[in-house]
1. If you take the beta carbon distance between C:Arg37 and D:Arg160 as r and set R0 to 60 Å, what does 1/(1 + (r/R0)^6) give as a FRET efficiency, to the nearest 0.05?
2. Would you mind ranking A:Thr63, B:Thr288 by Cβ crowding within 10 Å, fewest neighbours first?
3. Non-local amide H neighbours of B:Leu260 (under 5 Å, H modeled in plane, Pro and chain starts lacking H): which ones?
4. Would you give the gap between the C-alpha center of the stretch B:211-252 and the C-alpha center of the stretch C:227-295, rounded to a whole Å?
5. Quick check on the stretch D:123-169: what does the Kirkwood estimate of hydrodynamic radius come out to from the alpha carbon pairs, in Å?
6. Compute the distribution of all C-alpha to C-alpha distances in the stretch C:140-213, in bins of 10 Å from 0, and list the percent of pairs in each, rounded to whole numbers.
7. Under a Cβ-only charge scheme (Lys and Arg +1, Asp and Glu -1), can you give me the dipole magnitude of the protein assembly as shown about the Cα centre, in debye to the nearest 20?
8. Looking at the square roots a ≥ b ≥ c of the eigenvalues of the Cα gyration tensor of the stretch A:32-71, which shape do they give, rounded for a/c under 1.5, prolate if a/b is larger than b/c, or oblate?
There are 4 protein chains.
Amino acid sequence: MCAREPWWPSRYGEGDELGTLNEITPAKVVAAARLVRAGTVYDLGRTLHANVPRFEDRFWQQTLVSSAHIINARRPGSDGGGWGRNNLNWITELVTGTFQIGTQLDGLNHLQIGDRFYNGWRACDIVEQWGTTKLGIEKVPPVVTRGVLVDAARHRGVARMEPGEVITVADVHAALREQHVAVEPGDVLLFHTGWGALWDSDPARFTSGEPGIGMEVAEWLVEQRVAMTGADTWSFGAVPGEDPERPFFVPQTLNVEHGLFIMENLATEALAAAGAYEFMFVLTHHKTRGSTAAVIAPAAVT
Amino acid sequence: MCAREPWWPSRYGEGDELGTLNEITPAKVVAAARLVRAGTVYDLGRTLHANVPRFEDRFWQQTLVSSAHIINARRPGSDGGGWGRNNLNWITELVTGTFQIGTQLDGLNHLQIGDRFYNGWRACDIVEQWGTTKLGIEKVPPVVTRGVLVDAARHRGVARMEPGEVITVADVHAALREQHVAVEPGDVLLFHTGWGALWDSDPARFTSGEPGIGMEVAEWLVEQRVAMTGADTWSFGAVPGEDPERPFFVPQTLNVEHGLFIMENLATEALAAAGAYEFMFVLTHHKTRGSTAAVIAPAAVT
Amino acid sequence: MCAREPWWPSRYGEGDELGTLNEITPAKVVAAARLVRAGTVYDLGRTLHANVPRFEDRFWQQTLVSSAHIINARRPGSDGGGWGRNNLNWITELVTGTFQIGTQLDGLNHLQIGDRFYNGWRACDIVEQWGTTKLGIEKVPPVVTRGVLVDAARHRGVARMEPGEVITVADVHAALREQHVAVEPGDVLLFHTGWGALWDSDPARFTSGEPGIGMEVAEWLVEQRVAMTGADTWSFGAVPGEDPERPFFVPQTLNVEHGLFIMENLATEALAAAGAYEFMFVLTHHKTRGSTAAVIAPAAVT
Amino acid sequence: MCAREPWWPSRYGEGDELGTLNEITPAKVVAAARLVRAGTVYDLGRTLHANVPRFEDRFWQQTLVSSAHIINARRPGSDGGGWGRNNLNWITELVTGTFQIGTQLDGLNHLQIGDRFYNGWRACDIVEQWGTTKLGIEKVPPVVTRGVLVDAARHRGVARMEPGEVITVADVHAALREQHVAVEPGDVLLFHTGWGALWDSDPARFTSGEPGIGMEVAEWLVEQRVAMTGADTWSFGAVPGEDPERPFFVPQTLNVEHGLFIMENLATEALAAAGAYEFMFVLTHHKTRGSTAAVIAPAAVT
């Protein structure tokens, strides 16, 4: 096994795999449900297909397979139109690709500092060819908690922020004040930058960069003890970043050092348009063993 | 295109793709949230991996891909341990297989009567190689509504019902009476048969048959206007079925004729053990375009 | 099984799966070997990668998987750099896609007239989800026979023929005369149109159409009893074809009615440039069960 | 890029990617063709399917896709039975898995000593996610040369040698003497151990070990300047090996230090049964960019 090396235990203790999801208490779940008054459900996911904005080696392909052309050969009892007197046919899909695409939740087994994951696990400790033995996406439980949206674009007075434009703590405080909402421990804090409008209209530009938070807000998120965060961008944090020599420093720090979960490519525009800044956030996802992400479509319920 | 042929419009109108999910109103969502009192979240999904119970041509494979071995070649700035001064590395997965495996929600584009899908669409109307243009799983919105569990095994006084054992309407009425809970329109009605206990312990036996409802309960579910149903079995409905010449007649009828959504391989044992018969049911899933199913892990919240 | 319907037996008898490869006799193999005088080997295959000219639903993806990042976890005896004292590491690939891409040999289970394959087999007779039980590419034996190249572009006095430009029997006779070579039963007859020059330079134009033979030459090929044919184009036969209402009529007729094998996207330019019109043709390929094609790189040896 | 470190250039020079295939000269090709007298073609490949003997993370899956169920939707001109007046339909396959399975040729980019490949290239020099930029299987040209079979089982007087049983140089000399054949530079030297008989009859036992050469014969093969080697076993060299602390030391040494190509899982039984010890060996394969192996079915022609 790996040579043991010193490591600081995470805030949630050595051996913890839940990270900031530990902040969600039963009381928090109950309080979140109390926020549901209109019965309106907002879908925060984008549909995934082969041509969504992506990087060259992150692909998604689906091919349908019909039983119709083989049903007779396989089912002697058939009258030709399907299986049995009820004429049963079915269609299935064959998919291939990565979960690091589309609207996604990254597992804590995705990013590393060197070969370190959250809580000090090393690749040689947990990585198998079929997946990781720790921190896989199946370790993430269903999430029901309070959600808050920070409309950073609205605060900046623009429809869409610019690539590399950094959201500061002052921005967040001001935006929350304007929205008459406060952040509490265990919340899911989402950011609307307007960048998502390019998802369909200009995929190449969409992936060329993005606005987002800087390290100051990253540290603040940890202090606030938020349970999860995310934005309408393909990564999380401004790209290009504050320090050109530290690529993707924001998500790396949040995932690996703090165990803070991040969601990418969220469809936040409807929430922003409706001014729905506080809601019950719900997320359930595919529990595929050892995966580094889940393709998701969480919901905000008001 | 297809030759047009007569077809009865569904209860929800010609062109409808939501089926029984139309039964979930905003008032229903609000009422469901009111059921959350303890803040306990039950995970109804089973972890998916290559060796779960499956049929030969339904497979799931995942392989991890590490950036570590290529980071230097691709990132000249790297010091060897990762990209940039922050020593960034990442791991992704490559998955391949079908969503018709594990804990799943079937789309209304999965089963057919002959070449007919729900609302009379034919394969030649909606099937493309990349997916279906109608009724794909991405058309299913996030689900938040009241959930009810029928513990059929408890009513029968057994830990696990037998393959082919049929749950009757009388059973359902009696079980609901014993559980002091009633079914309402827009509910998600789940069945616990105990069969799921074989998921890990005896995969071959698990897929060899199953207990479940018969056509009588199927029609009753439609009358009750339930929004979704499901069980701790790999299909839905007793296998072998009531009519050996009509294989999978229950799910075929519910999906195609009535647009009633079905979930399979649910992990209902914790709910049953806790006697949690009424709850807020939440389901969000991967919106992959034109897929015939979603691999899911819905939650029951009390 | 399928309803039986009348069908003409193929020239090689009912139940035959070898089609025109029956024309290759041991004497033909010996004679082909006798053609080798210079010891020059021409590679007729193009390298396959994700970005070769292709149609939307015909894709090819490869991802490398390194043992290096998991070797320690899986091999306790390792010193960290690899497995064992010999420090063993390895890399493998995961591929996904279709064999109907790149330089390929189509099986007789690829094209159909209605639901008929060569020798009258129907889809319901031979198609399973994992492959076909008859006519799969694994039924094609290693091929060693005489090869002849028809340089149609040279005969027309152009570097590259035009899309839809049809090669006639008169063209073939004249070209063979100019090249001082004749066609014999059991030969592999290849056509050079110059179209292949667009493979790398203009993939979109390459797949937009192609020059090739018409039905007259197709019938002539059958009369000549050639064992295989092929060209430097993505299909075989002019596109657009002679009859706009009969798409891909040439390969459909050759494959289904006559069992004549066709190779696509051959790299014929080196042969043409060298004036190598007669050679020993050799082809061995991946025997993947029930596949509809093989990705190949045959050789011409002079 | 990688830190440069000292390395011995290979026998064929720094930067060489052909390894021992450099031993095959035009004269050698001509001489090989002269060996063809009977016109008998032996197929040395085994059919690949999902259930061949394999290791857990080396899989092969194929699913057929029929155009029949989508032809109408996609081809308005169709009469329902296919596309156009010629009623065209087609079937394609979708494959997924690794080429490190079945009868295969390993590329020199498969095995490493630490992170070194043949000629000193390191993973960080040539490994990209899509494949390797050097030593990929597409760099292997078509092979036509003299082939020789060593029937080691016959020499030992057994039908099938035992796992871990080591073939010595004395064995090879004696066997060749008994077979009245000698080895020459540029030959492909194949070994028949009889182990291949377990391929279909007992897959689990087949992969549990194997007979094969030891390091003595490995070094002798290099001295003899053979162009390629291979056997009827899943790896090459006895397993368990001579030195339990040096797993797979034979293929690692031949590939990495000497650039000697190895074929696995060859179907040698027909050659052995026929006493065909000398032949023209031909191999053409799929030129998939950057792959670590090719699934092959080479031929021996007498």
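1. Working from the Cβ atoms, E equals 0.90.
2. A:Thr63, B:Thr288
3. The answer is B:Thr20, B:Asn255.
4. 51 Å
5. Values: mean 1/r = 0.0665 Å⁻¹.
Its Kirkwood hydrodynamic radius stands at 15.0 Å.
6. 19, 43, 29, 9
7. With only Lys, Arg, Asp and Glu charged at Cβ, the dipole is about 0 debye.
8. Cα axes put the stretch A:32-71 in the oblate bin.
Values quoted throughout were computed directly from the atomic coordinates according to the rules given, and no laboratory measurement underlies them. Here the structure is a predicted model, which means the values were calculated and not measured. Note: ideal-geometry Cβ built from the backbone for every residue, glycine included; neighbour counts use all protein chains shown.
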